Structures are given as structure tokens and as C-alpha cells.
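We did not get these values from a lab; they are worked out from the coordinates using the rules stated. Because the structure is predicted, anything quoted here is derived from the model rather than measured. Cβ: placed from backbone, ideal geometry, glycine included. Neighbour counts: every protein chain shown.
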Amino acid sequence: MTYQLNNKKILVTGGAGFVGSNLVRALIKQHNAKVTVLDDLFTGHLKHLDGLDYEFVQGTVEDVNLVEKLVSEHQVVFHMAARNIIVSNKNPREDLNVNVVGSFNVFAAALKYGIERIVYTSTSSIYGNPQTLPIAEDDRKSFLSFYSASKFSAEVYAKAFHEVHGLPVSIVRYSNVYGYNQSPSNPYCGVIGKFIDAAFKNEDIRIHGDGEQTRDFTFVTDAVDATISAAIYDKAIGNEYNIGTGVEISVNKLAELIIQITGSKSSIVHIDKRDIDNIRRRVVNIEKTRHDLKYQPLVTLKNGLTETISWQQKHYTMSS
Ligand SMILES: NC(=O)c1ccc[n+]([C@@H]2O[C@H](COP(=O)([O-])OP(=O)(O)OC[C@H]3O[C@@H](n4cnc5c(N)ncnc54)[C@H](O)[C@@H]3O)[C@@H](O)[C@H]2O)c1
């Protein structure tokens, strides 16, 4: 059985952010949904939503009254608002307040007002350094950052709301998403945006550590499709899903690919690791997602990088 999002009133927290804005676009364009975005614009930008017909409310998920009011006016919620890993490690209390208490506020309001579907966006950081690869959803969790602790705490609350009160919540765990609207001028931007920017400028591509650390990079349209499916498929309720590609690539290889596609004269240099660079290998098992959500990542890394490079060239003049 499936649930239809068409013409539904949908609240997207964090909808002005990177993944959130791509989701809002898909909900409006593909599902004709009536979308409200709640965002405090901490890292989000309204320019990501240019040309779309939506409502915007500037505010924080920490504000219980605001969250309750907004949730009560909608049928579906995608909860994506979060402080990122760098902020989380610098200021764990801020991370706790937004990522855990803010999420609790959203889940509690969703229960109180009988939301029909709610999706929470978590992260594959919760697996730490995995014992086996590719990582399956039930594998050991390990918390090598405050961010992973807060994101998983919110998952646990989501599950409790589901198990105790039947909240129709699903959880998606993203693995390194990249693509449109990942602004390279954002200091918290992922590695791909930064490497592309350096490549445009023919500057050194600076890799923290030896570059042999691996990741599973997911193009944003694939992540968005899976997130929407998590709201649509009944089977997803009360469940959690890895969202990735199942393809492992080292950061050195990623940098080489970016140099090759851009035709840049950049060199790769290795610099000191940061405290957040403590996960050696990551690639996720997507079999459960394929099975339950009919998920199929459609964009290869090479095609996704080519798309991201042309998007970044068009939207950012940082290279000039
Ligand atoms: N991008 C990735 O690779 C990735 C990987 C794993 C998980 N995630 C998760 O996906 C979600 C979206 O991440 P993103 O990459 O788009 O990051 P982002 O920083 O671009 O988006 C987060 C959005 O939430 C907003 N926000 C932050 N605190 C808020 C608050 N207190 N109240 C309201 N809005 C607030 C920000 O302004 C921003 O628009 C997050 O929950 C993140 O933890 C992302």
C-alpha cells in the first residue's frame, strides 16, 4: 500500500538548506504539494527556493509554540532542520538543543496533531568506523562525534514515538549527499563543493589526512527520491533506511575525478586531519531500501560530478 503526497499540505523543516530545498522543489513540481518551509536560515538560503510557490516561516524548531502551530496546519512533515557536524562538535549544547530537543518538538507536535506521515533525515555517521562493509541498518552504532550522538538520539525518540504511540514516522540515513544547492561558500559545505571550487581556481585541492579514507557519495536527486518514497510506502513506517549508492570511493580518487572532469591544473595536497576526520571507510548496504522503497540510485558519481560542476560554474563566481 502507498500513501499519496499529491496536493497535500507539507511542512519541511530545514527546507531552505541544501537537501531540503531540492526536496521542496520535487514536492511542488512532482507532487503539486502545498509546501511550508520552517527554517532559521542558519545555513539555509531563500535563493535555493527561487521560482517556487511556497510559504516561508523564519524560526527555529526549538520554539515549541511555533512548531505546534505549523504542524497543526499540515498533513505531512519532512524534518530536516539540523545543526551540522562542525557546529555540533564546537558547541555540543547547541547541537543538543536543535538536533535532539528540536526533533522531539517536531515528533511530539506530529503526534498531537495527527500528522499522516513524517520522515526524519538521519545520517550514516551513526555507524562510526564499521566492523563490516557495506554497512547494514542493524549494524553496530558508534558515536565518534556529538553530531552522530544527537542525530541518533533523535532517531531513538522517533522510534519511541512510533512504538509507544504509533507515530507514522520513517527514518532515512543519508551518506554524503552532493549536488545542486550545496553552496561552496558555506563553510560547512561538503568536500565535493570545496574541491570543485579549488579546481575552478586551479588552486591546490587540500585533503585532510592521507586521502585513502572512503565514502559513499549520493547525488541529491537520488537522496530526494528515497526521502519521498519513505513517506509514500506504508512499509517504511517505523523503519530506518540507508540512502547511498553502495559504491565506495577514496577521497584521493574523488579529487582526481574532479580534476579530470574540470580539466583543472590543481594539484592534490595532503594536510592535517581535523577532529571530525575519524571515520576511515564508509559504504552502505542499500538492499533493504531497494526492497522496501523500490529505491534505485540513478546517478553515477561521474555523471553527478559533471552535473554538480556545471551547476557550480553557473551559480558561483568564486572562481573569478
Ligand atoms: N548533506 C549530507 O551529506 C547529509 C548527510 C547525512 C545527513 N544529513 C541530514 O540531512 C538534513 C539536511 O542536511 P543538509 O546537508 O541539507 O544541511 P543544510 O545545513 O544545508 O540544511 C539544514 C537546514 O536546517 C536549517 N536549520 C538549522 N537549524 C535550524 C533550526 N534550529 N530551526 C530551523 N531550521 C534550522 C538550516 O538553516 C538549513 O537550511 C540534516 O538533518 C542533516 O543532518 C545530510
(message) List the residues, sorted by chain then number, that are 5 or more residues from residue 170 or on another chain and whose placed amide H is less than 5 Å from its amide H.
(response) 118, 119, 120, 238
(request) For every helix of n ≥ 4 consecutive DSSP H residues, a contribution of -39,500 (n - 2.57) applies; sum these over the chain, divide by its total residues, and give [θ] at 222 nm rounded to the nearest 500 deg cm²/dmol. (result) -11500 deg cm²/dmol
(message) Testing the spin-label approximation: label points 7 Å from Cα along Cα→Cβ at residue 276 and residue 94. State their distance in nm.
(response) 1.2
(request) Compute the FRET efficiency between residue 185 and residue 160 as 1/(1 + (r/R0)^6), taking r as their Cβ-Cβ distance and R0 = 35 Å, and round to the nearest 0.05. (result) 0.35
(request) Report, in order of residue number, the helices in the chain meeting two criteria: a C-alpha extent of 15 Å or more along the helix axis, and a mean Kyte-Doolittle hydropathy of at least -1.0; treat each whole DSSP H run as one helix. (result) 18-31, 146-165, 220-232, 251-262
(request) Please give the length that would be gained between residue 302 and residue 9 if that part of the chain were fully extended, namely 0.36 nm times their separation in residues minus their C-alpha to C-alpha distance (nm, one decimal). (result) 101.9 nm
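Counting alpha carbon pairs within less than 8 Å and at least 6 residues apart, what relative contact order, in whole percent, applies to the range 230-320?
On the way: 49 pairs, mean separation 37.8, N = 91.
Contact order relative to length: 42 percent.
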(message) Among DSSP bridges having both ends in the chain, what percentage is antiparallel? Round to the nearest 5.
(response) 10
(message) Defining a contact as two alpha carbons under 8 Å apart and six or more residues distant in sequence, what relative contact order in percent does the range 198-252 show?
(response) 52
(request) Evaluate the relative contact order of the chain (contact order divided by residue number), counting alpha-carbon pairs under 8 angstrom at least 6 apart; express in whole percent. (result) 18
(request) Using only Cα atoms, figure out Rg for the chain and give it as a multiple of 2.2 N^0.38 Å. (result) 0.95
(message) Nothing charged except the Cβ atoms of Lys and Arg (+1) and of Asp and Glu (-1): what's the magnitude of the dipole of the range 19-63 about its Cα centre? Round to the nearest 20 debye.
(response) 320
(request) Can you tell me the dipole magnitude for the range 251-305 around its Cα centre, using point charges on the Cβ only (Lys, Arg +1; Asp, Glu -1), in Debye to the nearest 20? (result) 140
